[in-house]
Amino acid sequence: MRAARADDLGRLLPDSLGTTTIAMLTAWFALWSWRGLVQHPQHFLGPALAAGVLLVVAGSVARALRVPAALVPLVELVVVGLFVNHHYAAAASWHGLAPTRGSLASLVDTAVAGAQAINKYTSPVPARYDESYLFLLCCSLGIMLAVDLLACGLRRVPLAGLPILLALTIPISILDSGLTWPVFVITALLYLLLLSTEQSRRVLAWGRSVAGSGRRWDSLDQQANSSAIRSAALRIGLLATAGALVLPILVPVTDGVFGQPGGSGVGNGSGDSVVIANPIVDLRRDLVQKKHVPLVYAQTSDPDTSYLRLAVLDDYTGNDWRPSPRHLPTRNRVDGAMPQPPGLLRSIPGSTASWSLRLAPSFDTRWLPTPYPVRSVQVGGDWRYDARTLDIVDTDPGSSVADTTYRLIAFHPRLDAVRLDDALSAPGNVQDPMTSVPSNLPPVIARTALRVTRKAQSPYARAVALQDWFRHGGGFTYSTARRPGSGMSELAAFITNDKVGFCEQFAAAMAVMGRTLGIPSRVAVGFLHPQPTGTRGNWVYTTDDLHAWPEMYFSGYGWVVFDPTPAVRTGAPPAYTRQQLPAHPPTPALRPPTPKTQKAVKQEKVSQPATHAGSSTGSALWLPVGAGVLLLLLLACSPRLVRDSRRRGWLRPGQDAPGLAAGAWAELHATAVDLGLPWPAQRTARETGRALARHLDGADRTALEALVGFVERARYARPFGLDGAEEQSVIAHAEATVSGLAAAASPARRRVAAVWPPSVFRRHQQSPAPAPENRAEVGV
């Protein structure tokens with residue numbers, strides 16, 4: 001027995017090891033598409049590869065030793081589970097390896113916290129939330145185990161593409177970066193290699209084995225060789241992969257795997273994310289020159305024509321405020337209705353107004369001036385919006401925007417100081433990036449912000465306090481004579497000593513100080529107030545009206561305008577910032593965070609669910625999570641589905657006599673395996689029928705005898721045709737026999753056969769009909 005097992009191991013292990021390794025590598029390379037989810041993806045991709053190697057060894061050895069196929073996934077699960085337990089909970093494990101109740105509880109708690117962190121915070125999740133790595137590792141192992149089960153356990157390589165496809169769709173549904181072409185190419189080639197390997201095995205199984213030689217020969221006495229199969233598969237695979245890469249670029253219906261738009265775009269051709277010139281540069285020049293050049297003509301009855309926005313500067317580098325790279329896919333083309341602004345609830349009341357606008361011939365811009373927010377925009381050309389900022393960009397660098405006309409419907413939400421004062425905190429995908437400041441920011445900026453807002457009791461009250469301090473309480477003077485700039489040293493000097501500047505410094509300083517207080521902040525650039533043209537409802541915005549102001553985020557209302565620039569330039573600030581706030585009970589003054597409080601804040605963020613339903617990362621993550629649940633259900637049902645598919649194929653009408661006989665006998669064999677009934681090896685149909693007849697009686701035994709007789713006729717008699725009645729009779733005999741065997745089995749056996757039929761995990765070899773020269777020369 002030991003010698004036989006050793007022989008099986010040496011003969012079957014190389015083949016099993018090769019297929020399992022290809023399946024694991026295919027899944028692992030597909031998981032590289034997840035690297036944008038976290039800041040340091042090597043912390044889960046590395047352990048996933050190590051666990052994948054253990055999975056390959058455990059699965060290959062188990063299959064080579066002929067461990068029951070239904071138990072192989074359990075063996076693999078135990079092996080990778082021990083690895084994960086040792087890697088993440090060794091301190092609470094027995095001898096650092098065997099799981100204990102404490103180690104399992106620690107793993108569950110960490111994985112749940114990791115899931116909450118990924119669901120709450122924008123991608124990539126910061127490295128300090130290291131529990132996210134365990135969650136991604138568990139998801140990775142789920143993908144690997146699913147691919148191994150389908151490709152190596154059930155030998156259904158096409159179905160193994162489903163978990164691979166699930167892994168590849170996550171960056172498309174969540175990440176702005178999408179799917180990179182190297183990951184796609186490597187994964188596609190490995191998957192095609194996996195398909196060719198499985199098909200080579202199937203083709204080679206058709207030949208007859210030469211005892212002792214280890215080779216197989218076909219019916220023409222030629223040696224069957226897998227090299228031709230793999231060579232053809234390689235050529236087909238390379239052609240199919242190249243086509244998948246090239247065709248989306250040539251056909252303008254999709255952005256393609258390279259991420260390039262179908263039409264011409266802005267930038268260097270690197271994809272939908274583009275970097276566009278910073279409009280703050282034009283603002284500095286035009287405000288200083290004071291040439292009064294018309295830029296935008298507007299016709300509207302809107303009573304509020306202030307703050308016509310061009311662009312959002314949401315990235316503070318420490319040297320200046322600038323627009324972050326914009327994501328401008330073709331689906332974001334401006335063609336009417338605009339999406340709901342981030343953070344603004346649909347239930348917030350407000351008023352709308354229609355606008356007709358025209359860009360002056362002298363206005364060289366790639367940004368479309370609009371109020372914020374807008375309900376709809378009608379404009380010709382290839383203008384697209386960024387979903388995070390809703391500023392609108394011309395993505396056709398070859399076009400001229402001079403004299404561009406467009407229409408829009410502006411929406412003015414009814415903002416109330418009391419409600420803004422009660423607003424909830426921002427969701428993680430807004431809070432984290434929009435409160436980020438350089439690590440070397442001069443401490444005086446944060447200290448000044450805390451001092452100015454020490455009496456304020458809410459984020460909104462602190463924002464108003466900052467605005468009032470700049471406008472009339474801090475001793476600032478408005479002047480365009482100041483040297484432009486918003487770097488850290490310039491801002492530190494501006495708020496402490498100089499206190500002279502124009503709108504760029506006021507907006508930049510308030511936004512940076514707001515971020516140090518934990519208020520999501522950014523800078524907007526556009527036009528302050530237009531000048532009337534003399535005709536009622538007609539206005540013109542000139543270079544003298546260019547302006548910059550901060551926007552701060554409050555859940556339920558989204559991005560709200562503040563204006564710290566003194567009244568000599570801007571007039572009165574927004575009305576809601578002048579309303580009286582209710583008295584709050586005194587709270588301790590804010591203090592700069594210490595390492596201890598930062599740790600507590602980290603734990604609090606992970607333990608508390610997101611409070612804002614509009615989190616794009618969280619809502620988008622439910623798509624792959626739901627797909628994963630569906631995939632698990634499909635995996636649980638797949639053996640039953642495969643078994644039913646086989647039965648329909650074996651007993652399908654329209655076959656010739658040998659085919660129907662082989663199919664009916666295969667169905668009988670599979671039923672016996674599913675029910676745990678003995679099936680005599682290398683016996684005639686009649687001998688096998690006698691063994692099965694012990695479990696039958698009455699009409700079922702008669703059906704079995706009739707089926708055995710038909711199989712013998714099909715195998716050994718002269719070829720004969722089947723009419724419809726005889727065909728239906730054979731199928732009825734097979735179904736009656738199968739039903740009788742199931743009725744004779746125990747309830748437990750029937751349940752196993754119904755849910756997880758063991759025959760699916762065995763390679764079924766139909767008994768071929770004898771060749772014509774071997775048939776008996778007798779009549780039927």
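The values are calculated or read from the model by the stated rules, or taken from the named source; none is laboratory data. Since the structure is predicted, the reported quantities are computational estimates derived from the model, not experimental observations. Note that each Cβ is placed from the backbone with ideal geometry, even for glycine, and that neighbours are counted across all protein chains shown. Surface accessibility is based on the protein's heavy atoms, side chains included, excluding ligands, DNA and RNA. Shrake-Rupley method; radii C 1.70, N 1.55, O 1.52, S 1.80 Å.
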In whole Hz, what ³J(HN,Hα) sequence does region 17-32 give by Karplus (6.51, -1.76, 1.60; θ = phi - 60°), x for Gly and Pro? 5, x, 5, 5, 5, 4, 4, 5, 5, 4, 5, 5, 5, 5, 5, 5
For Leu189, Leu77, Leu651, the accessible-area ranking with a 1.4 Å probe, largest leading, is Leu77, Leu189, Leu651
Counting other Cβ atoms within 10 Å, keep those with at most 13, restrict to DSSP loop, and tell me which chymotrypsin sites (Phe, Trp or Tyr not before Pro) in region 45-121 are left. none
Taking 0.36 nm per residue of separation between Arg407 and Leu641 and subtracting their Cα-Cα distance, the length gained on full extension comes to 78.7 nm
Report in % the part of the accessible area of region 635-779 that belongs to carbon and sulfur, leaving out ligands and nucleic acids; probe 1.4 Å. 53 percent
Mind listing the long-range amide H neighbours of Arg522? Cut-off is under 5 Å, sequence gap 5 or more, other chains count too, H placed in the peptide plane at 1.01 Å from N. Glu551
Residue by residue, what Karplus-based ³J(HN,Hα) values in Hz, rounded to whole numbers, does region 452-465 have, using 6.51, -1.76 and 1.60 with θ = phi - 60° and x for Gly and Pro? 5, 9, 4, 8, 7, 10, 8, x, 5, 4, 5, 4, 5, 5
In nm, give the distance between the simple-model label positions of Ser746 and Thr535, each being 7 Å from the Cα along the Cα-to-Cβ direction. 9.3 nm
Long-range HN-HN contacts of Arg375 with modeled amide H, under 5 Å: Ile409, Ala410, Phe411
Thr542's amide H: which non-local residues (gap 5+, or another chain) put their own amide H closer than 5 Å, with H modeled 1.01 Å from N in plane and none for Pro or chain starts? Leu295, Gln531
As an exercise, take the mean of 1/r over every pair of distinct alpha carbons in region 33-125, invert it, and state the Kirkwood radius in angstroms. 14.9 Å
Ordered by residue, what ³J(HN,Hα) values in Hz, to whole numbers, does region 353-368 give under the Karplus form 6.51 cos²θ - 1.76 cosθ + 1.60, where θ = phi - 60° and Gly and Pro are x? 8, 8, 10, 10, 10, 9, 7, 5, x, 7, 8, 8, 9, 10, 10, 8
Quick one: accessible surface of Cys152, probe radius 1.4 Å, all protein chains present, in square angstrom to the nearest 10. 10 Å²
Please compute the modelled spin-label separation between Leu104 and Asp656, points set 7 Å along Cα→Cβ, answer in nm with one decimal. 5.8 nm
Where does each of Glu705, Glu726 land when they are ordered by accessible area, with a 1.4 Å probe and the largest first? Glu705, Glu726
Solvent exposure ordering (accessible area, 1.4 Å, most first) of Thr516, Thr688: Thr516, Thr688
Cα convex hull volume per residue for region 635-779 (Å³): 110 Å³
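Where the only charges are on Cβ atoms (+1 Lys, Arg; -1 Asp, Glu), what is the dipole of region 652-709 about its Cα centre, to the nearest 20 debye?
The dipole magnitude comes to about 160 debye.
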